[in-house]
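**Q** Before I ask anything, let me first share the structure, which is written out below as structure tokens.
Every read-out reported here was derived from the displayed coordinates using simple, explicitly stated rules and does not represent laboratory data. Predicted model only: the values in this text are computed from it and were never measured. Reconstructed Cβ throughout: ideal geometry from the backbone, glycine too, with neighbour counts over all protein chains shown.
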Amino acid sequence: MSTSTPCPFPPEEIADEGIKPDEYQEIVNRLGRHPNKAELGMFGVMWSEHCCYKNSRPLLKQFPTTGDRILVGPGENAGVVDFGEGLQLAFKIESHNHPSAVEPFQGAATGVGGILRDIFTMGARPIAVLNSLRFGSLDDARTRTLFNGVVSGIAHYGNCFGVPTVGGEVYFDRAYTGNPLVNAMAIGLMETSEIVKSGASGVGNPVLYVGSTTGRDGMGGASFASAELSEESIEDRPAVQVGDPFLEKSLVEACLEAFKTGAVVAAQDMGAAGITCSTAEMAAKGGVGIELDLDKIPVRETGMVPYEYLLSESQERMLFVGKKGREQELIDIFHRWGLQAVVAGTVIEESIVRILFQGEIAAEIPATALADNTPIYHRELLAEPPEYARKAWEWTEDLLPPCTVSGIHVNNEFKTWNNILLALLDTPSIASKRWIYRQYDHQVQNNTVMLPGGGDAAVVRLRPVNYFENQTIENQPKVDYKRGVAATVDCNSRYVYLNPYEGAKAVVAEAARNLSCVGAEPVAVTDNLNFGSPEKPVGYWQLAEACRGISEACGEFSTPVTGGNVSLYNETLDAEGKPQAIYPTPVIGMVGLVNDISQTCGLAWQTEGDIIYLLGLGQFEAEEGENDARLSLGASEYLAQIHHTIAGKPPEVDYEIERKVQAVCREGIRQNWVNSAHDSAEGGLTIALAECCINGEKGATIHLGIDSLLQRRWDRILFAEGGARILVSVSPEQQTNWENYLQEQLGEKGEFWHNLGKVEGGSAPLKILAGDELTLVEMGVTKMKDCYFNAIERRMHL
């Protein structure tokens, strides 16, 4: 068939595959002919943003990706880092946003299943899962349904599979009402002697299909994930996969056993785009071709055609390249675990993907045309920030009502600082996420050191699966594994919305700070870029500026990016067909090394009488109008929740102070000087103090040392965000050692470290004094606990 032959597809059918007219012409050029229906579907999924990053790839190239500990960087199923003592860690984050909006339980569950497969495909045993979630307001009944379904789905898959869900973050904002975000991160400990890669090799080697059967579920999920959501999206339920965590538990054991035989040359998870993606990527990465016979594929439904086989995203399936002559050895392993395993194809010399069906060629496409030689869009960046950002930046603190030491008038109603403290603690984005993490099994595998809610990051012991075997073998040196991994997922999307460059820098800084607060050295990053449409100038500006900020900050904190995920077109079409974009949400998943898991600490006050210090910027004496860009009410939770204003500039990151403060905190924990550590984030200093009181069930008396009664922005002092701030508590016996070290590293008291007060007994309140006699806040711990722990529960029972 020549390219002059009339196109066999109407424009609507091409558009339904997510292919633009000029892209269709590119397909014709690459093939030298028009594609058939199956091939059109293959190009549709492989040329979607979800698979080929056609809008984001030029931006991702600026990320730092190499470092002393990086063993595998971007391009494989997961990144791998060296944690010393023979310990190698695989980790990755992925999104399942659109499926979760349509079918929240299965959408979220299969998101967890997919990221787990990415980990054990590398030869690593999953040891922990985290998640980053975004929803609309819990006052909305549909949001509550989505929220409940997503949390239940995550709990179901992780609990049944047997991996602890150890941490995460959840925010609620109307910007996500129609388009929730569900990002899942998994961490695994390498169990095979060699890292398993995905590039096929060895002409004549068999290609094995293993795992579950193939059905019609998840049809075209990759292209579905690259389109806006509409009110008709509910009809796309077939694009949502259905998972079986018990089958995947068998799959991980079978895969790891198979890898250890040395008979597996390459392995690829069948995730987005299923058979199409796995064959194309394995062939392209290996510089070879793959011939696959669909008649050999185990199916769960009858009458399937090539298009359905190739686009199905049925879960718990893998594609292996095995060593010739050892096929049966691998098949026997999978059969022993009750799983499917068949030789379905062969590695061929010509770099094409050839699909056979009923004795005929159903599809034949150059592998690189699907995997590498895809469209790339170099879009033009706006010459200046868009109007919404410029207008937001005009906001200043002078526009707020005047305030006194007692409080502030908000909409003609006087609110005391105590009132505002309780209102912020009752905000779901700040409040305890206990309702969520109590549904997760966070202690399965018995390696969880820091439980959810206990610290600023999760901490998991790194104990190899053969640990007990080593302890019982005679003459075998006993290895006492003390190392652990700390992990966190972070993103303040309001910061990124108001200033994508500064906001993205702040996301990386906060992730590193959270790891430092549990005593971990930040090592590496995986990122999940959740944005609106890159085809709109504002959407592309947000994406490009955020990537610039992430790249810069990862370089400054020496945390290379090992891979990640891009999720664009996160927009909801309203009843009038107008797209409503989410806030730009570049989630950073960061892992850190804990050299000794006995040297970590949580956020709760530990002992009455301990001295409370603030590391970072203080600026309590700044008079009204004396503002530092590193500490701000702009973009703050206080401004959004109390004054219902989304405006201002987010606080700017000072890398030098961040690095110094974080290093001091880590060393204080290592030396056992620091008993607790907690970073000041949403809600500022007052909320951070309250969280330490609530979780430690102890009060605190804080002296800010402000004796002058000059007019001040007391709300700035209490609720400003930024400033590289960490709260720590230290026993009086260690005060001299600690303060000598602070002076050596951070200079004199009052600049970048401050003695704020002391921890009080359980019946004492949180009391914040401006001077000796001037009380700003005085609130009982019991009352704060009620607001903080029950905020989400109360709304879920509306």
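**Q** Please turn the phi angles of region 413-422 into ³J(HN,Hα) values with the Karplus equation 6.51 cos²θ - 1.76 cosθ + 1.60 (θ = phi - 60°), one per residue in order, whole Hz, x for glycine and proline.
**A** So the J values, rounded to whole Hz, are 10, 7, 10, 6, 5, 5, 4, 5, 4, 5.
**Q** How are the C-alpha pair distances of region 732-787 spread across 10 Å bins, as whole percents from the shortest bin up?
**A** Computed distribution, short to long bins: 19, 35, 32, 14, 0.
**Q** Under 18 Å from a point placed 7 Å out from the Cα of Trp393 along the Cα-to-Cβ direction: which residues of region 509-553 have their backbone N that close?
**A** Label zone hits: 537-550.
**Q** In whole Hz, what ³J(HN,Hα) sequence does region 551-556 give by Karplus (6.51, -1.76, 1.60; θ = phi - 60°), x for Gly and Pro?
**A** 3J(HN,Hα) across region 551-556, in whole Hz: 4, 5, 5, 5, x, 5.
**Q** Separate question: Given points 7 Å out from each Cα along the Cα-Cβ axis, report the Arg57 to Lys482 separation in nanometres with one decimal.
**A** Roughly 4.7 nm, to one decimal.
**Q** For Arg794 and Ser193, calculate 0.36 nm times their separation in residues minus their Cα-Cα distance, and state this gained length in nm to one decimal.
**A** Roughly 211.3 nm would be gained on extension.
**Q** If packing is taken as the average number of other Cβ atoms within 10 Å across a peptide's residues, how do 122-130, 515-523 rank, most packed first?
**A** Answer by packing, highest mean first, reads 515-523, 122-130.
**Q** Counting other C-beta atoms within 10 Å, and keeping those with at most 16, which DSSP coil GluC sites (Glu not before Pro) do you find in region 548-595?
**A** Of the GluC sites (Glu not before Pro), the ones in loops of region 548-595 whose Cβ has at most 16 other Cβ atoms within 10 Å are Glu576.
**Q** Okay, next question. Under the classification rounded if a/c is under 1.5, otherwise prolate if a/b is larger than b/c and oblate if not, where does region 1-143 fall, given a ≥ b ≥ c as square roots of the Cα gyration tensor eigenvalues?
**A** It is oblate, given that a/c is not under 1.5 and a/b is not larger than b/c.
**Q** Right, another one. Can you give the charge dipole size of the chain about its Cα centre, rounded to the nearest 20 debye, using +1 on the beta carbon of Lys and Arg and -1 on the beta carbon of Asp and Glu?
**A** Rounded to the nearest 20 debye, it is 1180 debye.
**Q** Expressed as an acute angle from 0 to 90° and rounded to the nearest 10, what is the orientation of the C-alpha long axis of helix 684-696 relative to the principal long axis of the chain?
**A** Around 80 degrees separate the two axes.
**Q** Just tell me which aspartates and glutamates come within less than 12 Å, Cα to Cα, of Lys54; anything on the same chain fewer than 8 places away is out.
**A** Of all the aspartates and glutamates, those that pass the test against Lys54 - Cα under 12 Å, at least 8 places apart if same chain - are Glu23, Asp372, Glu535.
**Q** Quickly work out the Val405-to-Glu697 label distance, labels modelled 7 Å from Cα along the C-beta direction, and quote it in nm with one decimal.
**A** 3.4 nm
**Q** Return the sequence-ordered ³J(HN,Hα) values of region 70-75 in whole Hz as given by the Karplus equation 6.51 cos²θ - 1.76 cosθ + 1.60 applied to θ = phi - 60°, using x for Gly and Pro.
**A** For region 70-75, the Karplus curve yields 7, 9, 9, x, x, x Hz.
**Q** Suppose R0 equals 51 Å; then what is the FRET efficiency for Gln619 and Val465 from their Cβ-Cβ distance, rounded to the nearest 0.05?
**A** Efficiency at R0 = 51 Å is approximately 0.50.
**Q** Another question about this same structure. Of all the Cα-Cα pairs you can form in the chain, what percent are over 49 Å apart?
**A** Within the chain, distances greater than 49 Å cover 19 percent of Cα pairs.
**Q** Calculate, for Glu535 and Lys749, the FRET efficiency according to 1/(1 + (r/R0)^6) with r their C-beta to C-beta distance and R0 56 Å; round to the nearest 0.05.
**A** 0.60
**Q** Something else about it: Using label points projected 7 Å from each Cα along Cα→Cβ, tell me how many nm separate Leu451 and Glu773, to one decimal.
**A** It works out to 4.6 nm between the two label points.
**Q** Moving on. Length gain on complete extension for the stretch Arg33 to Asn412, per 0.36 nm per residue less the alpha carbon to alpha carbon distance?
**A** 129.4 nm
**Q** With the dipole of region 582-664 worked out from charges on the C-beta (+1 for Lys and Arg, -1 for Asp and Glu) around the Cα centre, which of Thr585, Leu615, Leu639 lies farthest toward the positive end?
**A** Looking along the dipole axis, the top candidate is Thr585.
**Q** Additional query: Relative to the longest principal Cα axis of the chain, at what angle does helix 327-336 sit, 0 to 90 degrees, rounded to 10?
**A** 60 degrees
**Q** Still on this structure: Which entries of Lys660/Lys767; Lys37/Lys260; Lys505/Lys749; Lys536/Lys660; Lys391/Lys749; Lys649/Lys767 have Cα-Cα distances beyond 32 Å here?
**A** Lys37/Lys260; Lys536/Lys660; Lys391/Lys749, as the Cα separations exceed 32 Å there.
**Q** Report the gain in length on full extension from Asn419 to Arg670: 0.36 nm times residue separation, minus Cα-Cα distance, nm rounded to one decimal.
**A** 86.5 nm
**Q** What is region 371-458 by shape, rounded, prolate or oblate, if you read a ≥ b ≥ c off the alpha carbon gyration tensor as root eigenvalues and call it rounded for a/c under 1.5, prolate for a/b larger than b/c, and oblate otherwise?
**A** oblate
**Q** May I pose another question? Grab the beta carbon distance between Gln735 and Ser598, set R0 = 25 Å, and tell me the FRET efficiency rounded to 0.05.
**A** That gives a FRET efficiency of 0.65.
**Q** Could you run the Debye sum over the Cα atoms of region 680-798, one equal point scatterer each and no solvent, and tell me log10 of I(q)/I(0) at q = 0.22 Å⁻¹, two decimals?
**A** -1.40
**Q** Mind running the shape call on region 637-736? Use the C-alpha gyration tensor, a ≥ b ≥ c as the square roots of the eigenvalues: rounded below 1.5 for a/c, prolate if a/b tops b/c, oblate otherwise.
**A** Since a/c reaches 1.5 and a/b is larger than b/c, the shape of region 637-736 is classed as prolate.
**Q** Tilt of helix 37-46 relative to the longest C-alpha principal axis of the chain, in degrees (0 to 90, nearest 10)?
**A** Once rounded, one gets 30 degrees.
**Q** Something else now. Determine the dipole magnitude for region 379-465: charges of +1 sit on the beta-carbon of Lys and Arg, -1 on that of Asp and Glu, nothing else is charged, the reference point is the Cα centre, and the result goes in debye to the nearest 20.
**A** In debye, rounded to 20, region 379-465 gives about 660.
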